[in-house]
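The values are calculated or read from the model by the stated rules, or taken from the named source; none is laboratory data. From a predicted model like this one, the values you see are computed outputs, not experimental measurements. Here the Cβ positions follow ideal geometry from the backbone for every residue, glycine too, while neighbour counts run over all protein chains shown.
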Amino acid sequence: MTKIDADDAPRASEMETHQYDGAVGGWGSLKGLSAVVLREKPGPVELGEELLRQNKHGGFMCVSCAWGKPERPHAAEFCENGAKATAWDLT
């Protein structure tokens, strides 16, 4: 294994970046979650029930991040990665 000196690492100002025109959240997140669900095959009813409890009062905190419990949460009060982690936990 090659040791890399921190002084040899590229600076942020030297790194090339590219425009990303894909979805951030919304349909893009649903597509990503769908891919995990189709691959891992958690029970769809059980997954739905767990996601309705995730980050809600009387439910449980997200297993993949520190998303807080809002005072009046929306039914879909979870992030894409949290929903994926919950799907993986159910398999």
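For segment 35-82, what are the residues that are modelled with pLDDT under 90, closer than 16 Å to G25 by Cβ and not polar (S, T, N, Q)?
Residues satisfying the conditions are C62, C65, W67, H74, A75, A76, E77, F78, C79, E80, G82.
If you check N55 against the conditions, is it surrounded by 14 or more Cβ atoms within 10 Å (Cβ to Cβ), touching a residue at least 24 places away in the same chain (Cβ under 8 Å) and under 15 Å from the mean Cα position of the chain (by Cα)?
Judged against the criteria, N55 is a match.
Only residues in segment 11-28 that are loosely packed, with under 10 Cβ neighbours inside 10 Å count as the first member; pair them with residues that are outside any loop (DSSP other than H, G, I, E, B) and modelled with pLDDT of 75 or more, Cβ under 9 angstrom, at least 6 apart or cross-chain, and list the lot.
G22/G28; G25/E80
For segment 58-91, what are the residues that are loosely packed, with under 13 Cβ neighbours inside 10 Å and among the aromatic types (F, W, Y)?
Result: F60, single match.
Scan segment 43-52 residue by residue and report those that are more than 11 Å from G82 (Cβ to Cβ) and within 16 Å of the chain's Cα centre (by Cα).
Within segment 43-52, L47, G48, L52 qualify.
Looking for something among the polar types (S, T, N, Q) and in a loop (DSSP other than H, G, I, E, B) - is there at least one such residue anywhere in segment 33-44?
no
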